[in-house]
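Visitor: Before I ask anything, let me first share the structure, which is written out below as structure tokens.
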Amino acid sequence: MKIDDLLKQPSEWLKGAGPDAGIVISSRMRLARNIKGFTFSDWADDKTREAVKDLCKRQIASSNFMKNALYAEMDKISPVDNLLLLERHLISREHLNNPSGKAVFVSEKEIISVMINEEDHLRIQVLQSGLNLISAWDILKALEKDLEAKLDFAYSEQLGYLTACPTNVGTGMRASVMFHLPAVVMTRQIKDILEAISKLGLTVRGFFGEGTEAIGNFFQVSNQVTLGHREADIISNLERVVKQLIAQEENSRKFLIAKKREQLEDRIFRAYATLKNAHVINSEETLELLSLLRLGVETDIIKDVKISSLNEIFIIIQPAHLQKMRNKKFSSQERDIERAKLIRNVLGGNTKNV
Amino acid sequence: MLCDICHKNEAMIHITEIVNDEARELHVCQQCADAESMHMNQGFGIADLVSGMVGFPGEAREAKEKDLKCPTCGMAYSDFRKLGRLGCSECYEAFKSVLIPLLKNIHGSIHHTGKEPEKMVASFEKEYTGKKINVVTKEVKIAELREKLQRAVQTEQYEEAAVLRDRIKELEKNKI
């Protein structure tokens, strides 16, 4: 598979299926692993990083999970391709920095990605649509078992899997769920909820993970603690909280529909109209309006739009996607015009000049 | 209040994070916050601040630990403070005296209870013909769970405590 092939189909994790696929966008499970006997990536010299990359590349490529996989070395592909992988959540922001020796494997349907020489030698992640932590974990476990048979991971009996950052040591596992919580935000409960979550050993982040803001009412909740708990307990703890959040969002939606229906419909239809007709739109406004439209679709106020189309818009309105799809480099003003065209196109609105 | 990173400027940014009901605070000045963000080329996450937390708040202890160096990868303790990341797996041993309290602070525990490499399990079983090692690890596990249970009760996390109690019961029942 090549990078350009990614553009031909939407990511599997954005298909809008799976349990609670309305409120929960996706579930992600990640393991951090290092190879015994090699210096950690950030402290290693180029020669060591190359050696780790070659060793991991050989072993991962031969795994059954990686048939027809995409393999890319970050210092060999173009900046726009690097950005494209980031926009599809297949690599982290950190993976763009200091690219020497860094590489990534992406499985055929973009369910699995393995980053080589990120903060740790290996960052193995599985993405699933909807609330699907357990199935993501099953895939991840099987893949890890496969790799473990061929690679010696750094492990201590007391501290578990050893990672470059002490915040990941132990299980090396991060489970996260991406949510869309517009009604909770509208009813002004979000602050209390976020505070409560942080007391449970969980963290909340924005759409693109660590260090990003929550835009368009999208939040990512993940476990913070990795040492002293079993993987299954960490997952079920997160899942319990996730289910409470879903219930809270559902109740808030019911409240809005029962008590503020006109105001709610007004905001949703205005958002829909703007997206269908705008000729210049920046990404921030797009995400905010998409959030409202999504709420409209999920509450059956809007009936002629599919969640999967909204998910598609999310991804293709980003700069690298726009540039790749139109095969042209845009200034940020041109980008806002192209973005508006693409959205009109997907939503079947005013398609003049598309 | 002085910045926890440079110890020179007045701290302007205050971060409180709560893990297992224990509050942990970090105070940094604007310059250090900026420098750290620039260095990481991304947001100012708590993980990036781990370096700043080591040795905090006791400066006296730090003097002794400044000389620590990992014999395997050559990382000095001061490098770890600057980078916030360890150099290699042996650093965990080399910096044990600072890392253990740090881990306790971050995770509320210093014992891994999750899955272990299968190779390791297999070789243990071969060596000890299964049973013996099972008994030992099980007892260690039960002791660990008891410790956690106690902590959960103390901090009034009764839901957690009930889960722990059930797991201890289950383990004891299956004792060989």
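Visitor: Other chains near B:80-86: what is the mean number of their Cβ atoms within 10 Å of each residue's Cβ?
Guide: Counting other chains' Cβ atoms within 10 Å and averaging over B:80-86 gives 5.
Visitor: While we're here: Quick one: among A:GLU312, A:GLU157, A:GLU284, which has the greatest mean-square fluctuation in a GNM of chain A with alpha-carbon springs under 10 angstrom?
Guide: Result: A:GLU157 has the largest fluctuation of those listed.
Visitor: Principal axis extents for chain A, Cα atoms only, whole Å, descending order, please.
Guide: Answer, in whole Å and largest first: 63, 46, 31 Å.
Visitor: Another question, then. Show me the trypsin sites (Lys or Arg not before Pro) within segment A:269-351 that DSSP assigns to loop and that have at most 12 other Cβ atoms within 10 Å of their Cβ. List each step's numbers first, then the result.
Guide: Details: sites: A:ARG270, A:LYS276, A:ARG294, A:LYS303, A:LYS306, A:LYS324, A:ARG326, A:LYS328, A:LYS329, A:ARG335, A:ARG339, A:LYS341, A:ARG344; in loops: A:LYS303, A:LYS306, A:LYS328, A:LYS329.
Of the trypsin sites (Lys or Arg not before Pro), the ones in loops of segment A:269-351 whose Cβ has at most 12 other Cβ atoms within 10 Å are A:LYS303, A:LYS306, A:LYS328, A:LYS329.
Visitor: In terms of the ratio Rg/(2.2 N^0.38 Å) built on C-alpha atoms, what value belongs to segment A:151-282?
Guide: Relative to the 2.2 N^0.38 Å estimate, segment A:151-282 comes out at 1.36.
Visitor: Could you state the number of Å between the C-alpha centres of segment A:274-289 and segment A:156-171?
Guide: If we compute the Cα centre of each part, the gap is 44 Å.
Visitor: Say the dipole of segment A:261-347 comes from +1 at the beta carbon of Lys and Arg and -1 at that of Asp and Glu; which of A:SER309, A:SER331, A:TYR272 then lies farthest toward its positive end?
Guide: The residue sitting farthest along the positive end of the dipole is A:SER331.
Visitor: Of B:TYR158, A:TYR155, A:TYR161, which has the most accessible area and how do the rest follow, probe 1.4 Å?
Guide: Heavy-atom accessible area, descending, gives B:TYR158, A:TYR155, A:TYR161.
Visitor: Turning to a different aspect of this structure: Taking all protein chains as present, what is the carbon and sulfur share of the accessible area of segment A:160-208, in % to the nearest whole number, probe 1.4 Å? Could the numbers behind the result be given before it?
Guide: On the way: 800 of 1440 Å².
Here it works out to 56 percent.
Visitor: Next question. In what sequence, highest mean first, do A:131-144, A:256-269, A:50-63, A:101-114 appear when ranked by Cβ atoms within 10 angstrom? Could the numbers behind the result be given before it?
Guide: On the way: A:131-144: 20.1, A:256-269: 14.2, A:50-63: 16.7, A:101-114: 22.1.
Sorting A:131-144, A:256-269, A:50-63, A:101-114 by mean packing, highest first, produces A:101-114, A:131-144, A:50-63, A:256-269.
Visitor: Leaving out ligands, DNA and RNA, and with a 1.4 Å probe, what % of the accessible surface on segment A:261-347 is carbon or sulfur?
Guide: For segment A:261-347, the apolar C and S fraction of the accessible surface comes to 43 percent.
Visitor: Suppose every Lys and Arg Cβ carries +1 and every Asp and Glu Cβ carries -1, with no other charges. What dipole size does chain A come out with about its Cα centre, to the nearest 20 debye?
Guide: 840
Visitor: Let me ask you something else. Past the 26 Å Cα-Cα mark, which pairs from B:LYS66/B:LYS141; A:LYS15/A:LYS145; A:LYS191/A:LYS341; A:LYS36/B:LYS82; B:LYS96/B:LYS169?
Guide: From B:LYS66/B:LYS141; A:LYS15/A:LYS145; A:LYS191/A:LYS341; A:LYS36/B:LYS82; B:LYS96/B:LYS169, over 26 Å: B:LYS66/B:LYS141; A:LYS15/A:LYS145; A:LYS191/A:LYS341; B:LYS96/B:LYS169.
Visitor: Over all directions, average the projected area of the Cα convex hull of segment A:29-104 and note it in nm².
Guide: Computed as one quarter of the Cα hull surface, the answer is 5.6 nm².
Visitor: Go ahead and estimate [θ] at 222 nm for chain A from helices alone: -39,500 (n - 2.57) per DSSP H run with n ≥ 4, summed, over the residue count, rounded to 500.
Guide: -13500 deg cm²/dmol
Visitor: Return the tail of the calculated pair distribution for segment A:261-347, meaning the percent of Cα-Cα pairs more than 22 Å apart.
Guide: 24
Visitor: I want to verify a result. In a Gaussian network model of chain A, Cα cutoff 10 Å, which of these has the top mean-square fluctuation: A:PHE65, A:PHE179, A:PHE218?
Guide: Answer for the Gaussian network model of chain A: A:PHE65.
Visitor: Just want the answer: with Cβ charges of +1 for Lys and Arg and -1 for Asp and Glu, which residue in A:ILE235, A:ILE197, A:SER291 is farthest toward the dipole's positive end in segment A:189-332?
Guide: Of A:ILE235, A:ILE197, A:SER291, it is A:SER291.
Visitor: While we're here: Around A:SER129, what is the net charge, scoring Lys/Arg as +1 and Asp/Glu as -1 over all other residues with Cβ under 12 Å from its Cβ? Can you show the working numbers first?
Guide: On the way: positive: A:LYS15, A:ARG28, A:LYS109; negative: A:GLU12, A:ASP20, A:GLU110.
Net of charged neighbours comes to 0.
Visitor: What's the total accessible area buried between chains B and A, using a 1.4 Å probe, rounded to the nearest 100 Å²?
Guide: Buried area between the two chains comes out at roughly 4100 Å².
Visitor: Another question about this same structure. In whole percent, how big is the carbon plus sulfur part of the accessible area of segment A:15-142, probe 1.4 Å, protein atoms only? Each step should come with its number before you reach the end.
Guide: On the way: 2270 of 4410 Å².
That fraction is 52 percent.
Visitor: Once you charge only the Cβ atoms, +1 for Lys and Arg and -1 for Asp and Glu, what is the size of the charge dipole of segment A:261-347 about its Cα centre, to the nearest 20 debye?
Guide: It works out to roughly 460 debye.
Visitor: Something else now. Specify whether the C-alpha gyration tensor of segment A:10-51 places it in the rounded, prolate or oblate class, a ≥ b ≥ c being the square roots of the eigenvalues: rounded for a/c under 1.5, otherwise prolate if a/b is larger than b/c and oblate if not.
Guide: The shape class here is prolate.
Visitor: Same structure, new question: Go ahead and set up a Gaussian network model of chain A, Cα springs under 10 Å, then flag whichever of A:ASP192, A:ASP42, A:ASP75 fluctuates most.
Guide: Per the Cα network of chain A with a 10 Å cutoff, A:ASP192 tops the list.
Visitor: Between their Cα atoms, which of A:LYS109/A:LYS243; A:LYS141/B:LYS115; A:LYS53/B:LYS69; A:LYS8/A:LYS276; A:LYS2/A:LYS67 are more than 18 Å away from each other?
Guide: In this structure, A:LYS109/A:LYS243; A:LYS53/B:LYS69; A:LYS8/A:LYS276 lie more than 18 Å apart at Cα.
Visitor: Also: Could you give the accessible area per residue of segment A:1-54, probe 1.4 Å, as a whole number in Å²?
Guide: On the way: 2340 Å² over 54 residues.
I get 43 Å² per residue for segment A:1-54.
The values are calculated or read from the model by the stated rules, or taken from the named source; none is laboratory data. Because the structure is a prediction, the values reported are computed rather than measured. Quick reminder, even Gly has a Cβ in these numbers, built from the backbone with ideal geometry, and neighbours come from all protein chains shown. Please note that ligands, DNA and RNA were not included when accessible areas were found on the heavy atoms of the full protein model with its side chains. Shrake-Rupley method; radii C 1.70, N 1.55, O 1.52, S 1.80 Å.
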